[in-house]
Each structure stands twice: as structure tokens, then as C-alpha cells.
1. Based only on Cα atoms, what mean projected area does the convex hull of region 109-182 have, in nm²?
2. Quote the accessible area belonging to Ser166 in square angstrom, nearest 10, computed with a 1.4 Å probe and with ligands, DNA and RNA left uncounted.
3. May I ask you to give the solvent-accessible area per residue for region 200-321, in square angstrom, as obtained with a 1.4 angstrom probe?
4. If you build a Gaussian network model of the chain, linking Cα atoms that sit under 10 Å apart, which residue out of Thr66, Thr235, Thr252 swings the most?
5. Roughly how far apart, in whole Å, are the Cα centres of region 187-204 and region 1-70?
6. Given region 156-294, what percent of its DSSP beta bridges are antiparallel, to the nearest 5?
7. Where Lys and Arg each count +1 and Asp and Glu each count -1, what net charge lies around Ala241 among other residues with Cβ under 13 Å from its Cβ?
8. Beyond 22 Å, what share of the Cα-Cα pairs of region 262-378 remains, rounded to the nearest whole percent?
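The values are calculated or read from the model by the stated rules, or taken from the named source; none is laboratory data. Quick caveat: nothing in here was measured; it's all calculated off a predicted structure. Cβ placement follows ideal geometry from the backbone for every residue including glycine, while neighbour counts extend to all protein chains displayed. Please note that ligands, DNA and RNA were not included when accessible areas were found on the heavy atoms of the full protein model with its side chains. Shrake-Rupley method; radii C 1.70, N 1.55, O 1.52, S 1.80 Å.
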Amino acid sequence: MIYLDSAATTPVRREVLDAMWPYLTAEFGNPSSSHALGHRAAEALKQARATIAAILNCRTSEITFTSGGTEADNLAIKGIALATPRGRHIVTTGIEHEAVLASCDYLQRHHNFEITHVPVDRFGTVSPLAFADALRDDTTLCTVMLANNEVGTIQPIAELAALAHSRNIPFHTDAVQAAGALDLNVATLGVDALSISGHKLGTPKGIGALYLRSRIPTEPILHGGGQERGRRSGTENVAGAVGLAKAVELATANLAERMTHLSALRDELIRGILTGVPSAILTGHPTNRLPNNASFCFPGTSGEAILLQLEERGILCSSGSACAAGRDEPSHVLLAMGVPPEVAQTAVRLSLPDALGAESVPETIVAVRSACQAVLKA
């Protein structure tokens, strides 16, 4: 079996499990408790926060642990929008993750916000000029993902954030897919809020984090005991936080070397598929894309049928976002990029794990060519 669905989730890393294990067993204390067991849990939580803050280049007080990327996106978007009296206008794009789009839709339906979706080009890239034109005096928040989860296109976030800041508008980026592949130094990116998710990096599902700049007011979306400095109530997932810190630490070690290796495998895979399947269309930016992402459309076929054929050949991948799996409608990302609906229905995403061996690439190329031929003959 060759697993090429890392954009959906990754296996738990042994080092992460080892780091978490004490807090799943003997060190089970509630970090809010005043006895020794609680104090040790609180210290573990403090150290995990400090590790992530150091890697993101921010203050420890600016890290809020969440249940994952979806909650981090919800907290950033709803929290900032509802706490900021500036206005009721949000700028985003049509290629965002469902967590971002649904949060914006909620604010529109229940709080009378107006949402502007900045268009993207055929590669899925946001134009800074179009973005700047969308900003208004009553814009209260901008949210644009760092790298797309379906087609892998990387956005010019630093430039977009600077444009937003020139109008004193807070800027959030969903960095769930970018974590472990790109530098997440928030000072370099210039963002006010940034979301990450652990299970894309080798933790169990159910842990994530939000970087939120100290000066940004935020309305909590979970109310209760006031944990996480009042931003996110609920007894903290100490084991998850410890695991996330270890996963982020591992994911940023030798980052450039690892991504150079993955980029070479990705490029070999892209070349082989485009050569072996002449009708194949590469989606996303041809070069400015995540090192582990190779996404295609295969006109005249069915993406779901190709996935079944590939699984029969030992290749596990997806047709796009795992959150949208099972839906009949084509990808909103591809439609926003101008891909015709009938072509968008043929999408296949191959997302490479760090551990992928070079020998798996030619095997995958052969399997994709064979799968396409089988679907076309059916």
C-alpha cells in the first residue's frame, strides 16, 4: 500500500505518542487543580505552549489550544469579527477551507455581516491588487489561507497582510496545510492570527492551536471556566497539547532539507503523470505550490472511479478535501479557479507523506495511467 493522502491526515508519530503517554496515564491531573498532580499538568501545558510559541516566533500568551484547525478558524473569524466594533464586512476568498467559509456564512446569516470573496486566477492565486480593491473602511477582518488544501497553491500572505494593515484591518490565515511544509514565523508572515491542526503533523485527531496577536480583541465562542486566558473555556487537553508541541518541533526540524526532498518526488510524479496520461491537467500553481501536493483533473473520467481503481492497485489518495468527501457537487476550489464543473468532477489529489520512498513514485505513475485507462474503457 502507498499512502498519498497526507493532506487528509497523517499517522501518529512514535515520538509524539511517547511524549503524550505520561499525560494519558499516570500524569492525568487537571491543570486547574491546586495539588501537585495538577501543578505538573499545568507545567506540561506551559512548556508545550512555550515550544509552539518559539517556533511561531510569538509570545506564549498568544497561543490558544483548540480541538483542531476547524475550531481555531472559527475562534479567529467569529471571535475577532464579533469583538471588533469597526464594521461588519469581511474579506476572504472562494477557495478557503469549509471551516472558514462556513464561519463567514454564519456571521452573514446571524449577525448581518457582508462577505466579499476576492477572486483567484486559474492557478488559485489571490491577486494583491484585487485584494486591495476589496478592502473598505468598515472591513473588520481579512482571512486568506496560506496554502490551499486541495491544489496546494501558496498565497502571498505577507503582501496581503501588509495591505490589510495599511488600512488597520486584522489578518487571519489558515495554515493547517502549510504547517510542516512552510515557515510559520508570524513576524515574517505579518499575520494577526494563524490556525494549525495537529493531525496533519502526526498527532492524534482532536488537537490544534490558534496564534492570536495580543492586541487583537476576541470574543470567545466557548464559554465556561475561562481557561486559555478566557479565549477558550474547557479543561485543557494536556496530552494533546504536549503531542502538538512535539509534532511541531519534529515538523520544523531540517525543514528545508525535507521539503527539498519532497519537492523532487512531487515534480517527478507530476512529470510522469502528465506524460503518461496526455489528457491530464495539473491543477494549482505549477511551481508555487506545497512540496507534497500533486493534484490533477482527468477530463472524460470520474474522479471517484479513478480513486477506486487506484485503491485496487494499492494507492490511497483522495479527490480533494476530506471534509467534502461523499458530496456529489464539484470542488468549490476548482470552480473558483474557473474549472468547468464537468472537469472539476474528475479531480484527484495526491499528497505525499514525509516517509515516502523514491521507489513509490514510478509505481504510482504506472497505477494512475492504468487506472485512467480502465475508467475510460468502462
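1. On the way: hull surface 22.4 nm².
Result: a mean projected hull area of 5.6 nm².
2. 80
3. Working: 5070 Å² over 122 residues.
Roughly 42 Å² per residue, with all protein chains present.
4. Thr235
5. Here the two parts' Cα centres lie 13 Å apart.
6. On the way: 5 of 8 bridges.
Among the beta bridges of region 156-294, antiparallel pairing accounts for roughly 60 percent.
7. Details: positive: Lys46, Arg49, Arg232, Lys246; negative: Glu27, Glu43, Glu228, Glu236, Glu249.
Here the count lands on -1.
8. Details: 1809 of 6786 pairs.
Summing the P(r) tail past 22 Å for region 262-378 gives 27 percent.
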